[in-house]
Amino acid sequence: MPVIKLNVLDLAIRLKRAPSEHKGNAGKVILIGGAPGMAGALLLAGNACLHLGAGWTILEMLDPASAIASEDHPELMIREANIATSDVLQQNQPDVIAIGPGLGKSSQAYDWLREVIAYPNIPLILDADALNLISESQELLSALQKRNQQFPGQSVITPHPGEAAKLLKNTTEDVQADRLGSLEKLISLTQSIVVLKGQHTLIASPQNQALQCEEGNPGMGTGGMGDVLTGSIAAITAQGMRHQLDLWESSCIAVQLHARAADSLVDKGIGPIGLTPSETILEMRSLLNKLL
């Protein structure tokens, strides 16, 4: 599989809004995760989704104690994930679903993931424990494969090397020793768009050749950066549905914008040591608006 440099930010111009547009034009996103002790992961994904422009950002929080309004970001619609999953999805009719940040591996997490994979024909972003659950369940893997056969190009997985290794039944060292080969195997296994995170993040799909992100820096190696990427992909995808961007293009934009924002902050003297995901969200917003 040949690989070329990721250079797609010119596509972001399609997100420029007409004066008459409203939140319905920017899409409705449901993000699922935030098990006890991991609510911050879902809040980071939600904040990224909010600041990158989704019309509605709904968080289905598995931790009841954390399913309360955010004082810092009251725009986030935060709910306890205690209602039947299929009812939530049917009632809300989301444009995009993202699942995984802080999800955990409980039976409740499994049930949500199973129902989300079964939800047809909208973009689906799978990250973190969603991938770990799939790696341990032939039922979930088969359901994802079936979904992608029915609706090609409508799911993206975003593993870091450890999550990729679990999916491929090998080791992190194996993945890192042959990142391009691992990318190909992940595509073959899941039939999804695959974002293999790490130094020089790779992205490819069954329909698209491999691209390599040459931006980014070691400051991104901190907890929560992947959650920010998940929320960013969701937000750009939600807007892209009405602005001529598909899930592949939106994922590529989010990957490059994420890395460029981290580099921009380092150029300003913010990091790499101590660079935070929350700072990266705001820099992504700034850079995105400058592209429009």
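In loop segments of the range 205-270 as defined by DSSP, the trypsin sites (Lys or Arg not before Pro) with at most 10 further C-beta atoms inside 10 Å of their C-beta are LYS268.
Note that the chain presents 41 Å² accessible area per residue, ligands and nucleic acids not counted, probe 1.4 Å. Couplings for the range 153-158, taken from phi via the Karplus curve 6.51 cos²θ - 1.76 cosθ + 1.60 with θ = phi - 60°, read x, 10, 9, 9, 10, 10 Hz in order; Gly and Pro are left as x.
The string of couplings for the range 103-118 from the Karplus curve (6.51, -1.76, 1.60, θ = phi - 60°) is 5, x, 10, 6, 5, 5, 4, 4, 4, 4, 5, 4, 5, 5, 4, 6 Hz, one whole number per residue in order, with x for Gly and Pro. Among the listed values (1) 1, 4, 8, 10, 10, 10, 9, 8, 8, 7, 6, 5, 4, 3, 2, 2, 1, 1, 1, 0, 0, 0, 0; (2) 1, 5, 11, 15, 16, 15, 12, 10, 7, 4, 3, 1, 0, 0; (3) 1, 6, 13, 18, 21, 18, 13, 7, 2, 0, 0, the one computed from these coordinates for P(r) over Cα pairs in 5 Å bins from 0, in percent is (3). As a length-normalised measure over Cα pairs under 8 Å and 6 or more apart, the relative contact order of the chain settles at 24 percent.
Each part gets one Cα centre, and for the range 116-189 versus the range 1-45 those centres are 19 Å apart. Per-residue extension of 0.36 nm, minus the Cα-Cα distance of ASN7 and THR171, leaves a gain of 56.0 nm for this segment. Residue by residue, the range 146-152 carries 3J(HN,Hα) couplings of 5, 4, 6, 6, 6, 10, x Hz when phi is fed to the Karplus relation 6.51 cos²θ - 1.76 cosθ + 1.60 (θ = phi - 60°); x denotes Gly or Pro. Under the combined filter of DSSP loop state and at most 12 neighbouring Cβ atoms within 10 Å, the range 1-79 retains these trypsin sites (Lys or Arg not before Pro): LYS16. Could you work out which residue, out of LEU124, LEU186, LEU265, moves most in a Gaussian network model of the chain, that is, has the largest mean-square fluctuation with Cα springs under 10 Å? Checking each option, the largest mean-square fluctuation is seen for LEU265. For LYS197, the lysines whose Cα comes closer than 16 Å to its Cα, not counting residues fewer than 8 places off in the same chain, are LYS5, LYS166, LYS185.
For the residues MET61, MET220, MET77, a GNM of the chain with alpha-carbon springs under 10 Å puts the largest fluctuation on MET77. Amide H contacts of GLY102: GLY34, ASP129, each under 5 Å away and 5 or more positions distant or on a separate chain (H built 1.01 Å from N in the peptide plane; Pro and chain starts excluded).
Tally up the carbon and sulfur contribution to the accessible surface of the chain as a whole percent, 1.4 Å probe, everything protein left in place. After summing per-atom areas, the C and S share lands at 50 percent.
The values are calculated or read from the model by the stated rules, or taken from the named source; none is laboratory data. Here the structure is a predicted model, which is why all the values come from computation and not from measurement. Backbone-built Cβ (ideal geometry, glycine too); neighbour counts: all protein chains shown. The accessibility values were calculated without ligands, DNA or RNA, using every heavy atom of the protein model including side chains. Shrake-Rupley method; radii C 1.70, N 1.55, O 1.52, S 1.80 Å.
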